[in-house]
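Before any comments, here is the structure.
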Amino acid sequence: MLDGAVPEESARNNGVQERSGFRSYDLYIAGKDVAGDGWVYTVSGRSLLEDVFTSVSLKRALEQDPESDAAGHPYVVGRCAVADDAAIDMATQAAAAAAAAWAAVPLERRMRLGTRFREELLKHQDEFLEMLVAESHPVKLARWELSCLLQLYAPGSLRWYTKQMRVEKDYAGRKLILHRQPDGVVAFNPPQNAPLPSAALCVLALMAGNAVVVRAPRSIALSTMWLLRDVVAPLLEGMDAPPGVLNAVCGNPKQTLDRWIEDPLIDDIFYIGGSKEGLRFEQSCVAHGKKPILELAGNDGIVVWRDADLKWAAEAITESFFGSGQICMVPNYVLVHPEVADALIEQVREHVKGIRPGYPEEEDVLLSPVRRSERFFRLLRQALDNGAELITGGQRTEVDGTPSETGVFLQPTVVRVDGLDRARTFDVVREETFFPLIPIVVPERDGDDALLEEFLRFVNSNDYGLRNSLWSRSDHVIETFVRRVVNGGLLKVNDSHIGFLPYLPSHGGTGLTGGAFGEANYPMLKTSHVQGVSIARDVSPYEAVFDA
């Protein structure tokens, strides 16, 4: 229990396995492991499918009595200490105390953190996958998540970030500098569906010169604490970073966010969550003088033109089922040229056959359990009642793929919606679904010029704006989309919709995705601000004013 103004280092040795395969993490504040106010426990993803009642009972028993016999159960894979109000504030204070010294470290040296972080990810990739599988991520999905981070910290990406951070020019006896200065203390709020890769974005804020505080989600904290305590913290220690430049606490979301909003020491809050809550949070941030950096919902579209490679387009469409669609950047709807609609739907139907449920460690599994499926069936029923056609799926299923009324998986589900004008009267088209459910919208037949205009209008009128993608071989169609698609943080053409690439933004978008300040999100740039500098030599002030 934290009860003093100065945190005491925990007697527990963080990361030491109390038994084989078990991990225990205290809070990490000001470079020290600090005792918390109780524990939250993680049970393996497999156990939740084998025996959910026993798994949940074990968690509850241990949170009431950490010394109970349940601690030795093989289902229990780790625990994280929970922060109270005092610990949350201590973490913020530690970051504020470290911020100025870390900001003074030259950019070139801070950038080495990105290179070393990538090296550590590769070195610890088996542990990375193990942590995500323990939290119910299918191992195939976990490999994609790792590949995304490796692209974010690829050498080309790091060189590009560096160029954006500082530019120097000589002009009329002056050195002109445009450089980005760190904002100060940045607080990170990773989401429950992808806490580890989202928490990894804090390394970019560190590279920008900020001190950070990260909240590990209370319901699924283990992988976040592993990444920050066992991977990032040793790197910072090796660089002689000031204690407090990185802080990690596990806490309730409202409790933590409320304290961050009120704390004058916090400069930016990186919020990842739903649009409704996130937009309210944005208003609160602005009212309290803080920069909100939002990563909210997505309702991404894939456009398939009549000359597209339908096999590859169908592969991209089935990315909507990765993690059962519980990822913001997967495709949420398809808009297809009517001439190839039937052929595309058949291709998608064939690809869906290979997407199945299973235990997370099984190599060919892509579906994750869906605990709350009521909205899935409401969206599906509304679509079918309004005239949509069910192409495939639509049922719950057991871990072995058997349809079942009580299964915790949902079948990959595809519906066909005819008519562009009425498509957005369907909630399944208009909103982010966050389920393995995708509509294929087929417009009425028309000339290509008219259809192209209608397609662009439809894409640009999306209230969300995370990613868009296009499948076409036509230079004219491609150039038109590149020139005229104005929403979204990323446009992919003839490529994986969810794949990450060097240089390009990984996150960010407009509208309900990014809020009033939404755009392509480079966390290193978002957590810093531009400053212009002029250093003159032997220049008369009057000449500078009147001869400009």
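Per the helix-only calculation at 222 nm, which mean residue ellipticity applies to the chain, given -39500 (n - 2.57) for every DSSP H run of n ≥ 4 and division by its residues, nearest 500 deg cm²/dmol?
-11000 deg cm²/dmol
Excluding PRO523 itself, what net charge comes from residues whose Cβ is under 13 Å from its Cβ, given Lys and Arg +1 and Asp and Glu -1? Working shown, then result.
Details: positive: ARG180, LYS291, LYS526; negative: ASP183, ASP268, GLU295, GLU519.
Net charge in that neighbourhood comes out at -1.
What list of ³J(HN,Hα) couplings, whole Hz, do you get for region 410-422 from phi and the Karplus terms 6.51, -1.76, 1.60, once you set θ to phi - 60° and write x for glycine and proline?
Computed from phi, the couplings for region 410-422 are 10, 5, x, 10, 10, 10, 9, 10, 9, x, 6, 4, 9 Hz.
Report relative contact order for region 434-514 in percent, whole number only (criteria: Cα-Cα under 8 Å, sequence separation at least 6). If you can, show how the numbers build up before the last one.
Numbers: 87 pairs, mean separation 27.0, N = 81.
Reported relative contact order: 33 percent.
With a 1.4 Å probe and all protein chains in place, put THR162, THR256 in order of accessible area, largest first.
The residues order as THR162, THR256, largest area first.
Amide H of VAL77: which non-local residues (sequence gap of 5 or more, or other chain) have their own amide H closer than 5 Å, using H built in the peptide plane?
Under 5 Å from the amide H of VAL77: THR42, VAL43, SER44.
Please enumerate, by chain and number, the aspartates and glutamates with C-alpha under 16 Å from the C-alpha of LYS175, excluding those fewer than 8 residues away in the same chain.
Output for LYS175: ASP538.
Can you list the residues, at least 5 places off or on another chain, whose amide H is less than 5 Å from the amide H of SER368, using H built in the peptide plane?
GLY323, SER324
Cα-Cα over 20 Å: which of LYS311/LYS492; LYS163/LYS290; LYS291/LYS492; LYS291/LYS526?
Those over the limit are LYS163/LYS290; LYS291/LYS492.
Find the accessible area per residue for the chain; the probe is 1.4 Å, ligands and nucleic acids are left out, and the unit is Å².
In whole numbers, the chain has 41 Å² accessible per residue.
Hey, can you grab everything whose amide H is under 5 Å from the amide H of VAL441? Only 5+ residues off in sequence or another chain; H modelled, so Pro and N-termini drop out.
VAL334, LEU335, VAL336, VAL417
Could you look at the chain and say what percent of its accessible area is carbon and sulfur, using a 1.4 Å probe and all protein chains?
About 51 percent, which is the carbon plus sulfur part of the accessible surface.
How far apart, in nm, are the 7 Å Cα→Cβ label points at ASP421 and VAL56?
Inter-label distance under the simple model: 4.8 nm.
Kindly write out, for region 441-457 in residue order, the coupling ³J(HN,Hα) from the Karplus curve 6.51 cos²θ - 1.76 cosθ + 1.60 (θ = phi - 60°), rounded to whole Hz, with x marking Gly and Pro.
8, 10, x, 5, 5, 6, x, 4, 4, 5, 5, 4, 5, 5, 4, 5, 4
Using heavy-atom solvent-accessible surface (probe 1.4 Å) with all chains present, what is the largest-first order of LYS526, LYS353, LYS492?
LYS353, LYS526, LYS492
Determine the shape class of the chain: with a ≥ b ≥ c the square roots of the Cα gyration tensor eigenvalues, call it rounded for a/c under 1.5, and otherwise prolate if a/b is greater than b/c, oblate otherwise.
In terms of gyration-tensor shape, oblate.
So how far apart, in nm, are the two label points at ALA100 and GLU119 if each is 7 Å from Cα heading toward Cβ?
Those two pseudo-labels are separated by 3.2 nm.
Could you give each residue of region 88-93 its phi-based ³J(HN,Hα) in whole Hz, using Karplus coefficients 6.51, -1.76, 1.60 with θ = phi - 60°, and x for Gly or Pro?
For region 88-93, the Karplus-derived couplings read 4, 5, 4, 4, 5, 5 Hz, x marking Gly and Pro.
Rounded, prolate or oblate: which fits region 332-478 when a ≥ b ≥ c are the square roots of the eigenvalues of the alpha-carbon gyration tensor, with rounded for a/c under 1.5 and prolate only if a/b beats b/c?
The shape class here is prolate.
If you take the square roots of the eigenvalues of the alpha-carbon gyration tensor of region 336-419 and sort them as a ≥ b ≥ c, do you get rounded (a/c under 1.5), prolate (a/b over b/c) or oblate?
Verdict is oblate for region 336-419.
Please compute the contact order of region 242-337 in relative form: average sequence separation of alpha-carbon pairs under 8 Å and at least six residues apart, divided by the residue count, as a percent. Spell out each step's value before the answer.
Details: 94 pairs, mean separation 23.3, N = 96.
Relative contact order for region 242-337 comes out at 24 percent.
Ordering CYS202, CYS328 by accessible area with a probe of 1.4 Å, largest first, what comes out?
Descending order: CYS328, CYS202.
Straight-line reach from LYS123: which lysines have Cα under 19 Å away, leaving out those fewer than 8 places along the same chain?
LYS140
What relative contact order, as a whole-number percentage, does the chain give when Cα pairs under 8 Å and 6 or more residues apart are counted?
16 percent
The values are calculated or read from the model by the stated rules, or taken from the named source; none is laboratory data. Computed from a predicted structure; not experimentally measured. Cβ sites come from the backbone with ideal geometry, for glycine too, and all protein chains shown count toward neighbours. What goes into the accessible areas is simple: the full protein's heavy atoms, side chains included, and nothing from ligands, DNA or RNA. Shrake-Rupley method; radii C 1.70, N 1.55, O 1.52, S 1.80 Å.
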